[in-house]
Amino acid sequence: MIASVFIGMSLDGFIARGSGAYDFLPAGGGEPHGYDEFMATVDALLIGRKTFESVLKLDSWPYGVNPVFVLSTRTPAPAPSEAIVEHISGDPPDIVTQLEARGIRQIYVDGGITIQKFLRAGLIQRLIITRVPVLIGQGIPLFGPLSGDIGLRHIATRSFRSGLVQSEYHMECISGRCTVPPLW
Ligand SMILES: NC(=O)c1ccc[n+]([C@@H]2O[C@H](COP(=O)([O-])OP(=O)(O)OC[C@H]3O[C@@H](n4cnc5c(N)ncnc54)[C@H](OP(=O)(O)O)[C@@H]3O)[C@@H](O)[C@H]2O)c1
């Protein structure tokens, strides 16, 4: 299974304010920056419970008919009737096993804590990060502690008129174990 991240963050590395607000991200994603194209590559979403709760506050369900797995150690809040949502729990390798058994080949992983756990487990293969030209000083970070370095291969960076800068990276080395020869 390929696990990908597609996320917006402030230039100083935060995906939301401490309150959970993400008002510093351009409304509706701002100008098109590849979200629809990315969504077309995934079979399902795997989101943390806190991301799920923030999405529930939106006026409409944003994921359409895409299956959404909500990670939580407890039963999540009810989803809107049109949403395809399932509760899932376990450590990251166990989650991958469960999703693969369901025939899922491409998953979109979202939520800061969730992404950090999957990164630490070496289970994210693709990162697409859109930096928003703002510093917010504090908030919910995208990245956190690791048990070892994760080497990344830079695939592409593109910039947008509004100031968004999007970079794609693929995993290369995790704690010295490299799947392809490192670039440096
Ligand atoms: N900038 C962006 O593009 C972007 C994207 C996504 C989210 N966000 C924002 O980020 C914030 C949420 O991120 P966050 O880092 O606070 O949390 P999160 O990753 O969305 O959710 C964390 C929760 O997920 C559950 N979880 C994670 N791994 C699990 C596992 N292996 N097994 C069982 N449960 C697991 C736990 O829920 P329980 O505590 O219930 O056990 C944990 O507390 C929101 O404000 C959201 O709006 C921003």
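Rule-based calculations on the coordinates, nothing more; no lab input. As the structure is a prediction and not an experimental result, all values here were calculated from the model. Neighbour counts are summed over all protein chains in view; Cβ atoms, including those assigned to glycine, are modelled from backbone coordinates with ideal geometry.
Place a +1 charge on the Cβ of each Lys and Arg in segment 2-178 and a -1 charge on the Cβ of each Asp and Glu, then give the dipole magnitude about the Cα centre in debye, rounded to the nearest 20. If you can, show how the numbers build up before the last one.
Values: 15 positive and 17 negative charges, 68 e Å.
The calculated dipole for segment 2-178 is roughly 320 debye.
What helices does the chain hold that run 27 Å or longer along their axis, going by alpha-carbon atoms, with a Kyte-Doolittle average of -1.0 or more, using DSSP H for the helix calls? Could you put the intermediate results ahead of the total?
Numbers: long enough: none.
What comes out of the filter, once short or polar helices are dropped, is none.
State the answer as a single residue: which of HIS154, GLY144, GLY8 lies farthest towards the positive end of the charge dipole of the chain, with beta carbon charges of +1 for Lys and Arg and -1 for Asp and Glu, about the Cα centre.
GLY144
Give the separation of the Cα centroids, segment 128-150 to segment 1-62, in Å.
Rounded to whole Å, the Cα centres lie 14 Å apart.
Please compute the contact order of segment 2-178 in relative form: average sequence separation of alpha-carbon pairs under 8 Å and at least six residues apart, divided by the residue count, as a percent. Intermediate results must be reported in sequence, preceding the final value.
On the way: 314 pairs, mean separation 57.4, N = 177.
So the answer I get is 32 percent.
Per DSSP H run of at least 4 residues, take -39500 (n - 2.57); add these up for the chain, divide by its residues and hand me the 222 nm value, nearest 500 deg cm²/dmol.
Theoretical 222 nm ellipticity from helices: -4500 deg cm²/dmol.
For segment 2-178, rounded, prolate or oblate, judged on the Cα gyration tensor with a ≥ b ≥ c (square roots of eigenvalues), a/c < 1.5 rounded, else prolate if a/b > b/c?
Values: a/c = 1.42, a/b = 1.06, b/c = 1.34.
Note, shape of segment 2-178 comes out rounded.
Please arrange ARG177, ARG126, ARG153 by counting, for each residue, the other beta carbons lying within 10 Å of its beta carbon, fewest first. Don't skip to the end; give the middle numbers.
Numbers: ARG177 10, ARG126 20, ARG153 15.
Result, fewest neighbours first: ARG177, ARG153, ARG126.
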